[in-house]
Amino acid sequence: SGLASSSGVPHINLDALRKFEVRVPPLPTQRRIATILSTYDDLIENNTRRIAILEEMARRLYEEWFVNCNLPDGFDSDTSSWETVSIGDVSAVYRGRSYKGVELVEDGGLPFVNLKCVDRDGGFRRNGLKRYNGKYKEQQVVEHGDLVMAVTDMTQERRIVARCAMVPSLGDEIGVISMDLVKIAPNEDIERE
């Protein structure tokens, strides 16, 4: 804090930065740390490539099936027989819970399914789960197999809004959805899948 100076934009004086003392481990320890981090970087890069390939495969499959109408054998590919319905005709849509920061907890509470649980290209991200100990309505409860959809978006590219995710198993617990999501619950005469 004492190193920062300001002339419109706060910055650190280079002379002060050059004199700043930091603790560093011995060189062999630095090399071991670098090797471990390099291995993780390689794994992350490899997984990123795999994810990109899988996303491209899913995009092409969707395009082939639903844009070009070339469904696999055993499916009715004659789209003239398809019926157009609104989501409200086949399901109920429930908005999630508005919450306060103090209702999010480290321990206890219930799994809180929120916007960070929806992947940018659809699908569920388990590492986005938080814990919630506030009030909720029965319609805001989700469990394994429920379909949620993002209705707000914080990404610059607007890649999350309208993306869906199926809630995975939450163990023995139920979850609560945040106000950034809706639960799409099929009517009784509609199969859940």
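The values are calculated or read from the model by the stated rules, or taken from the named source; none is laboratory data. In this text the structure is predicted, and so the values were computed from the model without any measurement. Every residue, glycine as well, gets a Cβ built from its backbone with ideal geometry; the counts of neighbours run over all protein chains shown. For the accessible areas, the whole protein counts, side chains as well, though only heavy atoms, and no ligand, DNA or RNA atoms are used. Shrake-Rupley method; radii C 1.70, N 1.55, O 1.52, S 1.80 Å.
Projecting label points 7 angstrom from Cα along Cα→Cβ for L170 and V151 puts them 1.8 nm apart.
Helix 27-62 and the longest principal axis of the Cα set of the chain meet at an angle near 20°. On the chain, 53 percent of the accessible area sits on carbon and sulfur atoms, based on a 1.4 Å probe.
Using a probe of 1.4 Å on the protein chains alone, the accessible area found for T39 is around 70 Å².
If the chain linking A34 and S98 were pulled fully straight, counting 0.36 nm for each residue of separation and taking away their Cα-Cα distance, it would gain 18.7 nm. Remark on region 1-121: Rg and Dmax equal 27.0, 76 Å (Cα only). For region 55-188, a crude dipole built from +1 on the beta carbon of Lys and Arg and -1 on the beta carbon of Asp and Glu, taken about the Cα centre, is about 860 debye to the nearest 20. Counting lysine pairs in the chain that sit 8 or more residues apart in sequence, or on different chains, and whose Cα atoms lie under 28 Å apart gives 12. Normalised per residue, the accessible area of region 1-145 is 80 Å², obtained with a 1.4 Å probe and no contribution from ligands, DNA or RNA.
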